[in-house]
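*Asks:* Here it is, the structure in full.
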Amino acid sequence: MKKTVERGDDGPVPVQCQNCGLTVQVPAGGRRLCGCGTWLSAKDTMKPVAELAEIEPTETASAPTGQRWPRIEGDLSAIERLNDGYRRIRREMSKAIVGQEKVLEELLVAIFARGHCLLVGVPGLAKTLMIRTLADSLSLSFSRIQFTPDLMPSDITGTEVLQEDKTTGQRLFKFLHGPLFANVVLADEINRTPPKTQAALLEAMQERQVTIGGTRHKLPDPFFVLATQNPIEQEGTYPLPEAQQDRFMFNIFVDYPDEEEEFRIVEMTTTTHAPKLEQVLSANDILEMQDIVRKVPVAPYVIRYAMKFTRSTRKDKGVVPDFVKEYVTWGAGPRASQFLILAAKARAVLHGRYYVACEDVRAVAPAVLRHRIITNFNAEAEGIKPDEIVRRLADMIPRDPQDKAVG
């Protein structure tokens, strides 16, 4: 994992990280965390400086067998552009949206990680406006679907109609695109439509295509489903099945604004003020940045740190905490581990870093896991929510790979 330089004294030892090439001063006999998230340690046997040139800087012990970490040096300028674009998007959205900083960050993390979002919040918290403003600032096509009990699958995917060719007189079937054929699709009140229509979204979200009459129709790229749901009134609704909830990368909780934010909302929205948004990024920019996010290297212990979150929620598999056995019926699957790493990569890049730290995983863990942890009656009786389970896991899982878990 590292290359070291010979020193004759007992002072700090310069250790060059083989993951990113950075030289870090490591206390003699101790360890220090490199900027890329790799733990470096000083060893008694040091390699001479001349030997450093013989080691290929992109070959690392932490890379998969026979592979190399991608050379991200050429993408550093793109990461800087992405970070600059992130700040510009936040600035543009602040013209129409007051507060909700964490929600906006999670939305952008999901978009650059190529994921879908489910926004849960009471009416009047600007969920729809937030999504529309995001689409406008990103120069993406936008489509809104108001889910109702009488909505049919063909109403959202599209349908084939019989048309007559005026030149030949022949009648042919022509496919008319539904509202799903847009870059950003707002599925408003998704739990108010029957399961048959909800299931029509499954293929679109996972395969990014729809199949009509045996013919596959690819959806535009990039493609995001941002769904909203009201947690209060549940009569006459159709709860999303677990399989469909699992397709959403994030379950984002939209909370009430604080007093000062609400004052600014009322002040801004009760006048003739109409914000004008500038288009910050194009569809091609987003596709390029999604590719950059995938190239960001992750240290093996960070991957295991993310896996520890998901594996600790499965009460019948391995050693899990007592509170999980007491409150959890079903835990998160492997897709949660994948989303934790992808979201952590996107968050790191949005903050201008080309490495993933455990803090990135901790930051995205609630949004990734809260809809994948199914609690039991004991948890409901004591008011234990999935967020509380995730918080307890974050407190007990060690971030240092050599430490032992507490509890």
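The values are calculated or read from the model by the stated rules, or taken from the named source; none is laboratory data. A quick note: this is a predicted structure, and the numbers were derived from the prediction, not measured. Here the Cβ positions follow ideal geometry from the backbone for every residue, glycine too, while neighbour counts run over all protein chains shown. Please note that ligands, DNA and RNA were not included when accessible areas were found on the heavy atoms of the full protein model with its side chains. Shrake-Rupley method; radii C 1.70, N 1.55, O 1.52, S 1.80 Å.
*Asks:* Determine, at each q value in 0.15, 0.23, 0.24 (inverse angstroms), the log₁₀ of I(q)/I(0) that the Debye formula gives when each Cα of region 221-274 is one equal point scatterer.
*Replies:* -0.75, -0.98, -1.00
*Asks:* Using modelled backbone amide H atoms (1.01 Å from N, in-plane), which distant-in-sequence or interchain residues come within less than 5 Å of Q16's amide H?
*Replies:* Sorted by chain and number, the residues that satisfy this are K3, T4, V5, V24.
*Asks:* With every protein chain in place, what's the accessible area of M396 (1.4 Å probe, Å², nearest 10)?
*Replies:* Result for M396: roughly 30 Å² accessible.
*Asks:* How high is the FRET efficiency between T237 and K102 when r is their beta carbon distance and R₀ equals 30 Å, given to the nearest 0.05?
*Replies:* Working: r = 26 Å, r/R0 = 0.87.
FRET efficiency, T237 to K102: 0.70.
*Asks:* Please work out how much accessible surface D155 shows to a 1.4 Å probe, ignoring ligands, DNA and RNA, in Å² rounded to 10.
*Replies:* 80 Å²
*Asks:* Could you rank T157, T211, T167 by how accessible they are, 1.4 Å probe, largest area first?
*Replies:* Ranked list, largest accessible area first: T167, T211, T157.
*Asks:* Next question. Hey, got a sec? Which trypsin sites (Lys or Arg not before Pro) in region 162-216 land in a DSSP loop and have at most 11 other Cβ atoms within 10 Å?
*Replies:* Passing both the DSSP loop test and the Cβ count: K166.
*Asks:* To continue, here is another question. Based on the Kirkwood radius over alpha-carbon pairs, what is the Stokes-Einstein translational diffusion coefficient of region 332-392 at 20 °C with 1.002 mPa s viscosity, in µm²/s?
*Replies:* The calculation lands on 172 µm²/s.
*Asks:* Around K315, which amide H atoms from residues at least 5 apart in sequence, or from another chain, sit under 5 Å from its own amide H, with H modelled in the peptide plane?
*Replies:* G331
*Asks:* How do K315, K325 stack up against each other in accessible area, from largest to smallest, with a 1.4 angstrom probe?
*Replies:* Descending accessible area places them as K325, K315.
*Asks:* Rounded if a/c is under 1.5, else prolate if a/b beats b/c, else oblate: with a ≥ b ≥ c from the C-alpha gyration tensor eigenvalues square-rooted, which is region 241-351?
*Replies:* It is oblate, given that a/c is not under 1.5 and a/b is not larger than b/c.
*Asks:* Probe of 1.4 angstrom, ligands and nucleic acids ignored: what's the accessible area per residue over region 307-407, in square angstrom?
*Replies:* Per-residue value: 49 Å².
*Asks:* Compute the normalised compactness of region 139-200: alpha-carbon radius of gyration over 2.2 N^0.38 Å, N being the residue count.
*Replies:* 1.41
*Asks:* Filter the cross-link list K174/K218; K325/K385; K127/K315; K317/K385 down to pairs whose alpha-carbon distance in this structure exceeds 23 Å. Kindly include the intermediate steps, with their values, before the conclusion.
*Replies:* On the way: K174/K218 16 Å; K325/K385 14 Å; K127/K315 35 Å; K317/K385 21 Å.
Check vs 23 Å cut-off fails for K127/K315.
*Asks:* Oh, and also: What figure in square angstrom, to the nearest 10, would you give for the accessible area of F377 with a 1.4 Å probe?
*Replies:* Spelled out: F377, probe radius 1.4 Å, area about 150 Å².
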